[in-house]
Structures are given as C-alpha cells and as structure tokens.
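Notes to accompany the following structure.
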C-alpha cells in the first residue's frame, strides 16, 4: 500500500484537531453514563414507571441494573455515534471539496481510506474505553460498592460491545464514498440500526453480525463464539471495498 | 524540449454533451501553457482528465511519459495541482495545512519545514501561518491552496482558474512564482475563463470551445482579447 505511513500520520494529525470526533465521542460517553446512572437512581428510588420500561433487571438498582441499562443504551447509541464519526471522517473530503486535493498524489487514495479507517478504529476504541470507565465510575459514585467478578465481566462486555459496534458501523464509510458526502453515511448508519431492530424482532439476532454484539453483551449465553466472531466479516469485507471504491472514484458529478 | 504533459486524442463527454472531444495538447519543460475558454468550454474537464480525477473514454494522458491510468508515486510526486477547491482543512492553521500537503506530496519529513518556509515566503503567507483556514479570507485560502500545490517544487504544475479570489498582490506573486518555476524547468498548465494576468504570461495560449481545441492565441499580440472572442465566435459559427 503506497504511502500508508504518510497517510496515517496525516489522518492522525487531522483527527487530533477534529471537533467533530471529540464532541461525538464525548456526547456518546456522557450520554450513556448519565442516562444509565439517572435511570438506575430512579429505579432505586422506587419509580415503578421507570422499572416497567427498563425491565426486571433494572429493578434491583445495583451493578446488574446499571450494566443492563448501560449495555442497552450503548448497543444503539455507539453504532449511531460511530457511524456518524466515520461518515464525517470520509464524507468531509467531499463536503469540504478537499477530495480534489487527494488526487495526483504519491499517496494513494486507498492508503488514505485505510488510514482513515485505522484512525476511526483507534478513536472508537478510546471512546469505548472511556465509556466503560465512565460507567464504572458512575456505579462507584452512586454507592453501588466494589464491583465483584460478575460486574467486572459485565464491564468487560461493555468495552467489547463498544469495539464491536465500531466494526458494525463501518458500512457508513463505504456509503460516504459511494454517495460522496456525509449524509449517505449517516443514512446507512440509521439503516444498520433499523436492520438490527428488525432482526431482533424477527428472532434472527444471534447469527446476524449487526446485532450479535448487543445480544451477547446483554445475555452472553444467547450468542455462541462463532456467531460473535462472524461480526469480523463486516469490516473484513467492507473496509477493503471502501479502500477500492475511494481509489477508483471519479469526480464526475 | 521535453514534453512533460501530453494529451492525445482525449475524449470524455457527459450527459447533455459537455466535456472534451478528441483533444490534443502538449506542455513542455520550461513552458507555461494557458488554456482559455468561456464557462463550460471543457477546461476543467481537461484538467481533471490530466490529474486522473476522470478517466478518458478515448485517448490517453501521459505525465512524464507515463499513462495517468497506471501512474504510480514516482510520477505523481512530480505533479502539483489545484482544481476549484484549495487543499485546506478549515480546522487546521495555514502552517499545519502546508506541512500536511508537503507530506502528501512526498516531501521527506526532515525537509518539510524548509519547503514550507520557502513557499510561505514565495506567496507571502506569513500572516496566515497561525490562522485556521476556516477563518481565512477567500483570497488567502486560495493562496494557501496554491502554496500547497507548489510546496514540493513539482516538475508539472496544473492549476485550474488559479487567480480566482486573489487580490492584485496575490496575482503578481503567483505570476512571478510560475515564471521562476518555468525558468527552472517546470512545465505549467493553467486554465482560465478570461485572459487574466497569469494567462498572459503563457508562451502558448490554447483556446477551447465546446470541448474542442479551436485555435491558439499569440501572447505577444496587441489585441489579444479581441482575437480570443474572434476565435471563439468563429468556432461557434462553424459548429
């Protein structure tokens, strides 16, 4: 891949100055942490309407409740936030018109696309870690006591859910290239969320890569190892396709 | 003279008939070649074909003897271009944008600082180095984009409407820069919809209309503007 190192250095520099990535990540982490903590606090204070909405697991108002709410919120919010972030990372080149400057360079556009994906995976991993630490801190500050092994396992699953959600959202990047802008990526992200919901309702969740991470994080016994590993197929197929499409693109619209 | 850019029988048409048809054009080392034509004449399509932004339906484009469809980093390292929008990220300041452009154009990290300093002086961008591109005036963004295209001392310079939004001082800086670069052996291709200050310094001026090369102008002529319109109108009458 010609110029991948240079492309990576350039994309890291751009990402470091990006308010979009900073604020999207911050809003995701703050949103999940605050929403989870408030919901559990409401459940602990005896709000039956909240318990009815969150399900029996939340009624206890303990670590299990906190993790249950955090996992449910994260499963949807992280895909949305990460999809928006990736749409921006790639689609902004079209929206800002800078894509024209990415032609006639010794650094190939496929290298630039792969560098953008690498930066995206790094950003999402940092966000997933911050989210997990934030939820743990919220639990401790709420007086839930020291986490036991089961709680630590739940926090670990929350971290993995965040990482895998980033994998699930990579079609947003391909859509941004094919649609030449941010909005197609955002639209595909919403489509991924809708497809995931429909899959769950239809009872076909465990073997659908788009929903397997969320189902596994909520109920680990419901998703087998091979079904979870199948999630890797999404980036393994979509990322090379994105790099190829970005390399072959013509500015004919 | 060595032909750095050769456009041979290139065609690319869009729905509605716009584009370029069987166009031929050569830019030699040390030459400034201007392509002028009215809006929609096919200038930008030609530039995009040269830079690989569009693939020709027929014909070929050679840069330093290499077909742009198969050109690799060795070829593209020799090219500096700006088309329509400057390569300037609004959240980054002028200096960072230029460093980034230098890296993307293949300048070794150790040489980036010196190259950036040189082009900043050349285009008088000193006051913009610490200003975010998003806060720059249109003219300064244009200067920044031109600097980004020239920072690596390209052997082939390709600029589409380079004087857009430039103030008179910027036009003079660009004109002097291109003249110096051509004197040092660079091949320069500029497009313009009018006979601006940069088009007038060209050694060769090619007139395009309706996607075709319809004539050339003598850059030393006394009434070049009149000759331009006469050429365009004659082509329209013949079509």
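The values are calculated or read from the model by the stated rules, or taken from the named source; none is laboratory data. From a predicted model like this one, the values you see are computed outputs, not experimental measurements. A quick note on method: Cβ atoms are made from the backbone with ideal geometry, for glycine too, and the neighbour counts reach across all protein chains shown.
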1 or more residues under 18 Å from residue A:245 (Cβ atoms) and out of contact with any strand residue (DSSP E or B) (no Cβ under 8 Å at 6 or more places or on another chain): qualifying helices (runs of 4 or more DSSP H) within the stretch A:166-224 = A:171-179, A:182-201
remark   = Exception for residue B:48 within (1) touching a strand residue (DSSP E or B) at 6+ places or on another chain (Cβ under 9 Å); (2) outside any helix (DSSP H, G or I); (3) facing chain A (nearest Cβ under 8 Å); (4) within 19 Å of residue B:162 (Cβ to Cβ) falls at (2)
note = Just one listed residue, out of A:137, A:104, A:125, is touching a strand residue (DSSP E or B) at 6+ places or on another chain (Cβ under 6 Å) and either more than 14 Å from residue A:21 (Cα to Cα) or touching a residue at least 12 places away in the same chain (Cβ under 8 Å) (or both), and it is A:104
request  = Output the number of residues of the stretch B:51-60 satisfying the condition of being exposed (fewer than 15 other Cβ atoms within 10 Å of the Cβ) and part of a loop (DSSP other than H, G, I, E, B).
outcome  = 2
task = Considering only residues that are closer than 28 Å to residue A:113 by Cα and touching a residue at least 40 places away in the same chain (Cβ under 8 Å), look in the stretch B:104-134 and name the one that is nearest to the other protein chains (Cβ to nearest Cβ).
result = B:106
Residue ID - farthest from the other protein chains (Cβ to nearest Cβ), chosen from residues in the stretch B:13-44 that are out of contact with any helix residue (DSSP H, G or I) (no Cβ under 8 Å at 6 or more places or on another chain) and part of a strand (DSSP E or B) = B:24
query = In the stretch B:146-227, which strands (runs of 3 or more DSSP E) lie fully inside it and hold 1 or more residues that are in contact with a strand residue (DSSP E or B) (Cβ under 6 Å, 6 or more places away or on another chain) and surrounded by fewer than 21 Cβ atoms within 10 Å (Cβ to Cβ)?
reply = B:204-209, B:212-217
remark   = The helices (runs of 4 or more DSSP H) lying entirely within the stretch A:16-117 that contain at least 2 residues which are away from every other protein chain (no Cβ under 14 Å) and surrounded by 21 or more Cβ atoms within 10 Å (Cβ to Cβ) are A:19-44, A:63-95
key: Among residues of the stretch B:80-103, those that are closer than 24 Å to residue B:186 by Cα, part of a helix (DSSP H, G or I) and more than 7 Å from chain A (Cβ to nearest Cβ), counted   = 5
inquiry  = Cβ-Cβ distance below 7 Å, separation of 6 or more or different chains: which pairs start in the stretch B:61-77 with a residue that is more than 8 Å from chain A (Cβ to nearest Cβ) and assigned to a loop (DSSP other than H, G, I, E, B) and end on one that is modelled with pLDDT of 95 or more and surrounded by fewer than 15 Cβ atoms within 10 Å (Cβ to Cβ)?
reply    = B:69/B:55
